[in-house]
Amino acid sequence: MKNHGIIENLKSLVPTVKPSSLFGWSVFWVLVLLPALVWAQDAATQAMSVEYRDIPGLGSRNVVWVVAQQHLLLAGFVLGVPIFAWVCEIVGWKTKEARYDKLAKEFTKLLTSAYATTALFGGILLFLLIGLYPKLMAYLSDIFFPSFIVYCLLFLLETVTLYLYWYGWDAMQGNKKTFHLFLGFLLNVFALGIMIVPNAWATFQASPVVVAEGTAIDRAWAATWNPTWWPVNIHRLIANVVLGGFICGAYAGIRYLLAASQEEREHYDWMGYVGNFIGVFGMLPLPFAGYWLMREIYQYNQQMGITLMGGFLAWLFILQAMLIGVLFLGANYYFWMGITYRIPGSERSYRRPILAMLIVLMVCLGVWMTPHSLVASLEEARKMGGTHHPLLGVFGVMSAKMTVANLMILVTFMSFIMYWRAGKQETAGWARIAKAVMGALLVIAGIAVIVLGVWGYFVPAIIRINYFSVAQVLIVLFVMVTFTPLTAILMKSAKTTTEMVWGQMPIRAGYALVSNAVMVILLMSLMGYARSSSRVHWHIYGVMRDTSDYAYSPALGYAAAFMSLNTFVFCLLVAFIFWVATMGDKGKKIPDQKEPEPAKIPAGVTPAMAGGSPREQD
Amino acid sequence: MSEVALLQLIGLTVVGFGICILLFIKAKFLRVVGFVVIVLGTFTLIALGVPQMPSLPPAIETFDIAEVKTPDDLASIGQKIFFSKGQCALCHSIGPSESARCPDLKGIGAKLAPEFIYESLTDPQAYIYLDFRHEGLPKEYPARMPYIHKNPIALSQQEIYSVISFLQKMSGEPISIKVEDVMNIGKESEVEVASLTVNGAP
C-alpha cells in the first residue's frame, strides 16, 4: 500500500515539471515502484498488529471524511471536464469555429490547475488511511494489489497525455489537429480507467466478492467485478460530467459578475450557458443511472437496500429530493432567463408555457419531498390513525416519486427545446406537421407516465419495479431521442427572427449558476454519506466488521453540517485554483485597452450549438 | 446544550453572517461567498429539522446457554434474535400484511417441520415454497432469502434452533427442539441485540 502512497505523493510534484523531463520522471517512478512492492508486503504484515489509530480532538473519521470528500469532488471535476472539453474541441474542428476551440482550451486550463491539487489530496488521503485504518488497508492491499499497479500506470499515462494535450494545444493546430484530438481521446480513456479502478475498491466494500482460491490476479479480478461496480461506474461517469459542467458554469457566472468589459460579459455569458447546458444534459439521464444502481443494490442484498430506502437513511432521500428539485428549478430558471434577456421579445410568447412549467415543477417537487410517514407527536399520530397522513401519505411512496421525477425531467427537457426554438421561425414545409406530432407525443408521454404511476399503486411491487418504472424511463428517453434530432433538423432551415444578444443577463443569472454548482456538490456529498452509511457497522459488508469507536453512522443533521463544511471548503479551494490559473491572463491584458462596443451578431449567423453562441472574438 | 441545538445555533449564525455580507459588503466576489454561506447554512438547518437517527452498531449481549432450562427459555431467546440480530422482521411479517416484502410467518411453525425450516434458513434456494398467503394464488416475492448462517447475519447453530423454537411457540405448537441438543452444540454463544426500529422513517 505504501508504494501507492509514494506514487500518489510524487504525482503531486508533476505540475512543477517541464514536459520535456516527463520521460525522466516516468523512469524514476518505475524505479521507485519496484522496491516499494516488497516494502508494501512488510508494511501490510506489521499493520495487522494495530487495527486503528485516532487523531485526538478531531477524530480520525472526521479527518478522513473531509479529505476524502475533497479528493472525490476534485477528482470528479478533473475526470468530467476532459469529456466535454474534448467534445467542444471536436465541434470547433468540425465547424471551423475558433471560439469552440478557445472554450475547450479554457476548460482544459481549469483542468490542469485542478489536476495537481486532486493528486495532492489523493496522496494525503492514502497516508491517512494507511495510518488510521491499517488493518482494513492491509486487507484491501492483499486483495487489490495487482490493481494498484494498473492504477499507477494509468496515472502515469494520464499525466503524460494531459501535459501533451495542454502544452501542445497551440503547436498542434492545422494539420496536426487530428493528432491533438487523438490525444484528447486517449486522455478520456485513461481518465475512465483512473475512475473505474478505485471504484472497484469502494464498491467491493459495499458488495464484496471474496474468492479464496486462485492467483492474486484472479482474486483481484473477482473482487473488482462485484455487483455494484458497473452501476457505480456509469453513475459516477455521468455525475462527473454534471459536476464539471455546473462548476464551469459557476466559474463563468462569477467571471460574468466580475467582468469589467462588455467583451468579457459576452464571453462569460456564453460560457455560463454552455456550462449549464452540459450540466443539464448530464443531469437528465442521471436519475435513470441512480435507479439502476439502487436496483442492483436491492438485488445484491435486500437488507442493504432497505437500510438505504426504508431504514434510518430514509429521510436522507427527502433531502436529496429537495436538492434535486432546487437544481432542476435553478437550471430551468436559467433557461427561462436566457429566453427573456438574450432573445428580446420572445418572453411574450413563452410567458404562459414558462408559468405552466413552473407550476408543474413546483407540484412535482412537492410530491417528491412528501415523506412516507410524518414527524408527529403521539397525539397527532393517533388523530391521523398512524404516522401516515391520510391524504399526503399517498404521495410518499415510490410510485408517486418515480412519476414526478420523470415529469420533472420531461419539463426540463422541454425548457431546453423551448430555448432552442426561441427567436426562430421554421421555414420547412413539414414544420407544422412535425410540431403537431411533437406536441401530441409530449402529451401522450406525460399522460402515459402518470397512468403508469397511478397503476403502480395497484400492482405488486415487483411488477412496478421491473416493468412500470422501466417503462416510464423508456417513455421519457423516447421523447428525448425523438425530439432532439427532429428539432435540430427543423432549426437547420429556420430563419432567425430575433438575434441572440449576449452579455445582457441580469446579476441573478450568475447567482443561479453558482447555486446549481453548490446543489450538485451537496448532492454528491449527501449520496457519498448514504453509500458509506449503507454498509452500517461494516468496513467490508459482511466480511470485515468495523470495531472502532466510529462504527456508527451519525444522524443526518450532524452529517449535513459536515457536508456543508466540505462544500464550502471545496468551493474556496476551486476559487483559489481558478484565481491562480487566470492570474496569467490578467498580466497579458493591455492596460489602456478601450472597452469594445456592445456585440451585435451579424445577421445570418447559424448557431452551432442549441441556443446559439456569441460572435467570433478572436 | 444538545448537539442538535448547538448545530442549529451554528447554522443560524452562518446564515446571519451571510445575510450581513449581502447587506453591507459591495465586493462582488464576497457577496457570492455570502450567498453560498446562506445556502449551506439553510441546508444544514433543514437537515437538522428532520428526525435525527444515528445508526448504532448492534450491542453485544452474552447469551449463556447454561441459563436455558426449558424450551420456553429457548423460544424467548429466539424471539429476541428474530427481531434483532436475525433481521427476520425486516422483511417478514407475523400476520397478514400487503406491504410485507417476504412471506407471512404466522403459523409457519405449525405448518412446516423444523428440519424444513432449518433448511430454509441455511439453504434457502434448495426448495422454493410458494404457498405463503394461505389463500388464493401463491405470491412470488422479489427478495431472495439470505443464507442466515453466513455473513452479514451469521447466526450460530444455537441461535438458529432458538429461532425455530420461537416460530413453533408462536404458532401454538409444542416446541420440538430439545434443550439438551442445543446445549451439546456449544457452551456459550453471543447474541447481538440490534435496534432495528425504523420509527420516524418516511
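The values are calculated or read from the model by the stated rules, or taken from the named source; none is laboratory data. Since the structure is predicted, the reported quantities are computational estimates derived from the model, not experimental observations. Quick reminder, even Gly has a Cβ in these numbers, built from the backbone with ideal geometry, and neighbours come from all protein chains shown.
Residue-level check: of (1) touching a strand residue (DSSP E or B) at 6+ places or on another chain (Cβ under 7 Å); (2) over 30 Å from residue B:53 (Cα atoms); (3) not charged (D, E, K, R), residue A:312 misses just (2).
Counting residues in segment B:21-43 that are of a type outside the set (Lys, Arg), under 30 Å from residue B:184 (Cβ atoms), within 13 Å of chain A (Cβ to nearest Cβ) and assigned to a loop (DSSP other than H, G, I, E, B) gives zero.
Among the candidates A:101, A:54, which residue alone is acidic (Asp, Glu) and touching an Asp or Glu at 6+ places or on another chain (Cβ under 7 Å)? Criteria check complete, one pass: A:101. Taking the criterion of being away from chain B (no Cβ under 14 Å), β-branched (Val, Ile, Thr) and under 15 Å from residue A:522 (Cβ atoms), no residue of segment A:320-360 qualifies.
Quick one: in segment B:115-127, of everything that is surrounded by 12 or more Cβ atoms within 10 Å (Cβ to Cβ) and under 24 Å from the mean Cα position of the chain (by Cα), which residue is modelled with the lowest pLDDT? Applying the filter and picking the extreme gives B:124.
Only one entry of B:7, B:105, B:45 meets the criterion of being among the aliphatic types (A, V, I, L, M), crowded, with 19+ Cβ neighbours inside 10 Å and modelled with pLDDT under 90, and that entry is B:105. As an exercise: evaluate residue A:179 against (1) farther than 30 Å from residue A:273 by Cβ; (2) crowded, with 21+ Cβ neighbours inside 10 Å and give the number of the one condition it does not meet. Failed condition: (2).
The number of residues in segment A:491-540 being over 27 Å from residue A:73 (Cβ atoms), in contact with a Lys or Arg (Cβ under 8 Å, 6 or more places away or on another chain) and outside any loop (DSSP other than H, G, I, E, B) comes to 3. Would you be able to say whether some residue in segment A:100-107 is surrounded by fewer than 23 Cβ atoms within 10 Å (Cβ to Cβ), among the hydrophobic types (A, V, I, L, M, F, W, C) and touching a residue at least 60 places away in the same chain (Cβ under 8 Å)? Checking segment A:100-107: not a single residue is surrounded by fewer than 23 Cβ atoms within 10 Å (Cβ to Cβ), among the hydrophobic types (A, V, I, L, M, F, W, C) and touching a residue at least 60 places away in the same chain (Cβ under 8 Å). Taken together, the residues in segment A:298-319 that are among the hydrophobic types (A, V, I, L, M, F, W, C), more than 7 Å from chain B (Cβ to nearest Cβ) and part of a loop (DSSP other than H, G, I, E, B) amount to 1. Within the set B:59, B:66, B:75, the sole residue that is more than 9 Å from every other protein chain (Cβ to nearest Cβ), in contact (Cβ under 8 Å) with a residue 40 or more places away in the chain, loosely packed, with under 15 Cβ neighbours inside 10 Å and in contact with a helix residue (DSSP H, G or I) (Cβ under 8 Å, 6 or more places away or on another chain) turns out to be B:66.
Conditions tested, residue by residue: (1) under 30 Å from residue A:101 (Cβ atoms); (2) assigned to a helix (DSSP H, G or I).
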residue	(1), (2)
A:208	no, no
A:219	no, yes
A:239	yes, yes
A:293	no, yes
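Once segment A:494-529 is narrowed to residues that are more than 14 Å from chain B (Cβ to nearest Cβ) and among the hydroxyl-bearing types (Ser, Thr, Tyr), the residue that is nearest to residue A:341 (Cα to Cα) is A:498.
Restricted to segment A:543-566, and to residues there that are facing another protein chain (nearest Cβ under 7 Å) and either touching a Lys or Arg at 6+ places or on another chain (Cβ under 7 Å) or farther than 24 Å from residue A:139 by Cβ (or both), the residue that is surrounded by the fewest Cβ atoms within 10 Å (Cβ to Cβ) is A:558. Only one of the numbered conditions (1) at pLDDT 90 or above; (2) surrounded by fewer than 22 Cβ atoms within 10 Å (Cβ to Cβ) is not met by residue A:296, and that is (1). All of A:258, A:181 fail the test of being at pLDDT 95 or above, at negative phi and not small (Gly, Ala, Ser), apart from A:181. The set of residues from segment A:243-263 being within 13 Å of chain B (Cβ to nearest Cβ) and over 14 Å from the mean Cα position of the chain (by Cα) comprises A:251, A:252, A:253, A:254, A:255, A:256, A:257, A:258, A:259, A:260. From the list A:165, A:133, A:151, the lone residue that is closer than 30 Å to residue A:62 by Cα and buried (at least 22 other Cβ atoms within 10 Å of the Cβ) is A:133. Considering the conditions (1) outside any helix (DSSP H, G or I); (2) under 25 Å from residue A:273 (Cβ atoms), residue A:438 is excluded by exactly one of them, (1). In segment B:143-166, the residues that are among the charged types (D, E, K, R) form Cβ pairs under 9 Å with partners that are assigned to a loop (DSSP other than H, G, I, E, B), at six or more places apart or across chains, as follows: B:144/B:124; B:144/B:125; B:150/A:542; B:159/B:85; B:159/B:86; B:159/B:148; B:159/B:149. Among the candidates A:330, A:311, A:338, A:325, which residue alone is surrounded by 19 or more Cβ atoms within 10 Å (Cβ to Cβ), of a type in the set (Gly, Ala, Ser) and free of Cβ contacts under 8 Å to residues at least 12 places away in the same chain? Matching residue, one of A:330, A:311, A:338, A:325: A:311.
Look at (1) away from chain B (no Cβ under 14 Å); (2) under 26 Å from the mean Cα position of the chain (by Cα); (3) in contact (Cβ under 8 Å) with a residue 60 or more places away in the chain; (4) surrounded by fewer than 14 Cβ atoms within 10 Å (Cβ to Cβ) and you find that residue A:481 fails only one, number (3).
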